[in-house]
Amino acid sequence: MKYLFQLFSLRPHRPYTSRFLSFVNPVISYNLKSRPTPVIMKLEHSQFNFIFSPQLATVLQVFDKYKHEIRLCGGAVRDILLGKAPTDLDFATTATPDEMLQMMAKENIRVVNKGGFKHGTVTPHVDGVNFEVTTLRIDVVTDGRHADVKYTKDWKLDAGRRDLTINSMFLGMDGVVYDYFDGYKDLKTRRIRFVGDPNVRITEDYLRILRYFRFYSHLALGPNTHDENIIKAIRENGSGLKQISGERIWSELRKMLEGNLGPELIMTILSLELGPYIGLPMQPDTNEFDKVVNQTMDLKLQPITLLTALLKDSYDMHELDKRLRFRVFERDLGLFIIETRNEKWTPDTIKKYKIKIIQNQTKQAVMKEYVEQLLMYKNERTILAEFEKWTPLKFPVTGNMIKNYGVKDGKKIGSIKMKLVEYWADNDFQTDVEELLNLIPKAEEELSQVSKT
């Protein structure tokens with residue numbers, strides 16, 4: 001395949017209206033403003049040559065051999081134009097799934113992830129690397145979550161079914177950028193805009209409400225530069241989020257909270273009365289949220305830590321978990337913060353948490369992160385700085401040592417070991433093994449007194 005890499009620029013064109021049908025349930029016809037000439041520039045090879053691996057070259061040669069066009073699409077193009085290396089490379093092509101399967105079979109290239117066929121995606125696997133290649137398509141029927149699609153060879157029709165203008169561009173393998181809906185202009189001005197009518201885009205897939213906020217959080221220049229028509233469409237269609245799975249909602253919400261404008265957008269979401277549809281309580285604790293946000297703007301709070309500030313108690317956390325289906329790490333971190341955030345921090349408190357971390361040797365890193373997130377949440381910066389430098393020590397006394405000392409009961413061995421960790425902490429973790437073993441009778445006595453009471 002021969003590639004031409006030379007930079008050129010094109011004068012901007014006046015957009016005109018191009019009419020075509022997009023079939024929704026019920027069928028809706030709408031107009032999309034598109035550029036009369038989609039080619040807007042040609043990148044220099046140095047601007048995107050990092051995508052070309054030997055494995056990708058093998059795949060591209062197949063498409064070239066069988067005369068099917070293939071272009072990079074979506075977020076990868078957006079990231080390249082921002083000067084960033086994309087995390088995923090997704091491709092679009094004029095070849096149908098059946099044609100791709102036949103091509104790959106003839107060239108002895110294995111195809112994986114066969115579940116994608118029904119969506120028009122074929123995944124060639126070359127020397128350990130997968131490439132998702134999807135046939136150009138249009139949505140025929142949508143229900144707010146899923147779409148039935150029809151294949152096409154029209155690149156503009158495929159671009160017209162995408163959510164945001166900044167995600168609707170294509171990059172040819174020769175460096176040509178194809179932009180049908182002024183996505184590049186929006187990217188340069190940091191304007192987040194739906195392709196066409198936001199009402200139509202949102203009702204095709206209600207998750208696009210949160211995708212809008214996610215990209216706004218990462219790219220917009222300020223918290224209140226929303227297009228009024230977009231906000232109106234989101235407010236009118238927000239209840240559609242009830243149809244979307246919690247996992248998909250949390251995936252977008254988490255990425256939004258990781259952006260520069262995450263906290264501000266949470267307040268926008270609440271003002272649009274979307275909270276209950278995504279699992280937040282009817283009356284979230286916005287005062288606590290404001291306090292945490294204002295105190296910790298320069299700290300690296302986990303998204304779940306930030307979201308926890310809106311919750312008043314463990315019940316709220318469990319209800320939110322039912323809706324969003326957090327990972328165990330996230331759920332337990334949220335519960336830990338809620339249950340301990342009102343605790344007063346003293347030297348004894350610090351020692352208590354160090355003891356707990358040491359006692360749970362298999363989860364030391366996780367527990368240390370929980371405590372660090374709690375300290376960020378509470379804006380305890382001095383203690384946080386000390387805690388971040390602290391490396392959990394390995395307790396030098398094993399269960400076998402205690403057993404050899406004469407303690408045979410397994411449950412009692414565990415209790416004594418925990419007591420010895422406390423004694424070790426009392427001496428700033430300086431007590432040696434022999435001294436600790438000599439404290440076993442003391443530990444037994446204290447445990448006996450506790451059992452009697």
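The values are calculated or read from the model by the stated rules, or taken from the named source; none is laboratory data. Model, not experiment: these values are computed from the prediction. Backbone-built Cβ (ideal geometry, glycine too); neighbour counts: all protein chains shown. Remember, those area values only see protein heavy atoms, side chains included, never the ligands or the DNA or RNA. Shrake-Rupley method; radii C 1.70, N 1.55, O 1.52, S 1.80 Å.
State the percentage of accessible surface on the stretch 193-318 attributable to carbon and sulfur atoms; use a 1.4 Å probe and exclude ligands, DNA and RNA.
Working: 2440 of 5410 Å².
C and S atoms contribute 45 percent here.
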* Would you mind getting the accessible area per residue of the chain, heavy atoms of the protein chains only, 1.4 Å probe, in Å²? => 51
* If you roll a 1.4 Å probe over the stretch 75-171 with all protein chains in place, what percent of the accessible area is carbon or sulfur? -> 46
* Using alpha-carbon pairs under 8 Å, 6+ residues apart, how would you state the relative contact order of the stretch 184-300 in percent? -> 27
* In the stretch 332-453, carbon and sulfur make up what percent of the accessible area (probe 1.4 Å)? -> 49
* **Rounded Å value of the spacing that divides the Cα centres of the stretch 242-295 and the stretch 168-184** => 33
* **When each of K363/K389; K188/K255; K118/K153; K255/K389; K412/K442 is checked by Cα-Cα distance, pairs over 23 Å** => K255/K389
* Structure fact -> Any helix of the chain counts here only if DSSP assigns it H throughout, its Cα atoms span 27 Å or more along the axis, and its mean Kyte-Doolittle hydropathy is at least 0.0, and such helices are none
* Entries of K356/K403; K33/K156; K150/K232; K300/K344 with Cα pairs more than 19 Å apart -> K356/K403; K150/K232; K300/K344
* Structure fact -> Residue separation between R325 and N400 times 0.36 nm, minus their alpha-carbon distance, gives in nm 23.0 nm
* Estimated [θ] at 222 nm from DSSP helical runs (n ≥ 4, -39500 (n - 2.57)) normalised by residues in the chain, nearest 500 -> -13500 deg cm²/dmol
* If the chain between D154 and S448 were fully stretched, how many nm would it gain, using 0.36 nm times the residue separation less the Cα-Cα distance? -> 97.8 nm
* If ligands, DNA and RNA are left out, what is the accessible area of H218 with a 1.4 Å probe, given in Å² to the nearest 10? -> 80
* Can you list residues whose amide H is under 5 Å from L164's amide H, if they're 5+ apart or on another chain and H is modeled 1.01 Å from N? -> V195
* Which peptide among 436-446, 191-201 comes first, and what is the full order, when sorted by highest mean count of other Cβ atoms within 10 Å? -> 191-201, 436-446
* Structure fact -> The rounded separation in angstrom of the Cα centers of the stretch 311-363 and the stretch 60-112 is 45
* Asked: Quick one: Cα centre-to-centre distance for the stretch 383-453 and the stretch 222-237, in angstrom?
  -> 58
* Asked: Over the stretch 147-193, what is the mean sequence separation of C-alpha contacts under 8 Å (at least six apart), divided by residue count, expressed as relative contact order in percent?
  -> 32
* Asked: According to the square roots a ≥ b ≥ c of the eigenvalues of the Cα gyration tensor, what is the shape class of the stretch 152-202, taking rounded for a/c under 1.5, prolate for a/b larger than b/c otherwise, and oblate for the remainder?
  -> oblate
* **Average Cα contact separation per residue, the stretch 248-379, under 8 Å, 6 or more apart, as relative contact order %** => 27
